[in-house]
Amino acid sequence: MKFKVIVFTAIMLCVIIVSCQSDAEQEFKRYYTGGAVIYKDKCQNCHGNNGEGLSAMIPPLTDTAYLKKKRTVLSCLVKYGIKETIVTINGKAYEGTMPANVDMPPIEIAKVLTYIGNSFGNKMGTIAVEEVNSNLEKCN
Amino acid sequence: MRRLAVYVLLAAALTACKFNSDKPALPIMGNREAVTKTVNGKQVIDTVYQTIPDFKFVNQYGDTITQKSLKGDIYVADFFFTTCPSICPVMHRNMLNVYKEFKNVPDFKIISHTIDPKHDSVAVMKKYADKLGISGNSWWLLQGNKEDTYNLGQKNYLVAVKQDDGTPGGYVHQGWFVLVDKKSRIRGYYDGTDEKQVAKMIADIKILRAEVNTEIAQ
């Protein structure tokens, strides 16, 4: 009887630990897979299947340092687009227009940023909707 | 029983040989017309294939381009505009593969017609070419009369191009790449937004070049 209780408690403990650990991971997965769909729909035509961009016309999304540095403005770039500002990616200047996505809800911006932030060699972790919301307030 | 097996094997071997000697060929597309002609006093029915009529545009260097400029060339035509936010980047990412494959081949060209000639001046087209990373004369970006471009697209290449302010970028157009042979006949349509179809087109261009070369050799 005692043995059974011990085994039961051990199993319960395992379940709790595993589910706690994977909570964050599961959230990440939800963001990431959702973001992949949005990327395909809204960004892939320009930035490419592998984030490679297009010649000197559209920048790649593979500049890990740039994305890290600009983490707080990425939400604004996606929502309001880019007009003739020159971004420098991997030492190359790009000047062009990226269309705005004014109707994209913050949760979708968060998902697509989590996707690009963790694909093509980037490792930025989850970019959650709360982070996007607070960054969007600072757009100019 | 054993004899039967030998026959079967032999037959299989023969068909295999036959298939090998059959060169792959591309169909001739577009509208066609049967005309009755008199050849050596006999009435024969001949097929007249649709061809691309003459045109006159200006390329990214400001040179006038007519069908004469493409004489003896196989070419691929498509329609785009430089500010297109939707399918053009995909089309031209894929077209770059075609360009890289054939840029040193003398009898092949790419012509991309802008459907927004008002914005896409020669200078704008040159800048686009530079940013795309293309140079030389194997890929021309053509600009000219809007009506002429639309007519050529709709009536001759049989692809949709039209202005529609309700769609992103303001134009409706499909991403077709149209493959045209040395006799100005349409030999293939490929979805320029689909990497696999564009790979097929690259293979087909090789077939087409071989076809024309054997014709010349005869």
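The values are calculated or read from the model by the stated rules, or taken from the named source; none is laboratory data. Remember, it's a predicted structure, so these values are computed and weren't measured experimentally. When we count neighbours, we look across all protein chains shown, and the Cβ atoms used for this are built from the backbone with ideal geometry, even at glycine. Just so you know, the surface numbers come from the protein's heavy atoms only, side chains and all, with ligands and any DNA or RNA stripped out. Shrake-Rupley method; radii C 1.70, N 1.55, O 1.52, S 1.80 Å.
Counting only residues that are more than 14 Å from chain A (Cβ to nearest Cβ) and closer than 24 Å to B:V98 by Cβ, segment B:136-149 holds 8 of them.
Is it true that some residue in segment A:1-23 is touching a residue at least 12 places away in the same chain (Cβ under 8 Å) and open to solvent by 60 Å² or more (accessible area, probe 1.4 Å)? Within segment A:1-23 (the criterion being touching a residue at least 12 places away in the same chain (Cβ under 8 Å) and open to solvent by 60 Å² or more (accessible area, probe 1.4 Å)), the answer is no, since none of the residues qualifies. Residue count for segment A:95-118, restricted to those that are touching a helix residue (DSSP H, G or I) at 6+ places or on another chain (Cβ under 8 Å) and part of a loop (DSSP other than H, G, I, E, B): 7. When A:V78 is tested against (1) assigned to a helix (DSSP H, G or I); (2) in contact (Cβ under 8 Å) with a residue 40 or more places away in the chain; (3) under 14 Å from the mean Cα position of the chain (by Cα), only condition (2) is not met. Considering segment B:28-135, the qualifying strands (runs of 3 or more DSSP E), each wholly inside and each with 1 or more residues that are open to solvent by less than 10 Å² (accessible area, probe 1.4 Å) and more than 14 Å from chain A (Cβ to nearest Cβ), run over B:56-58, B:64-66, B:74-80, B:108-114.
For B:F79, the conditions (1) more than 14 Å from the chain's Cα centre (by Cα); (2) modelled with pLDDT under 95 all hold with the exception of (1).
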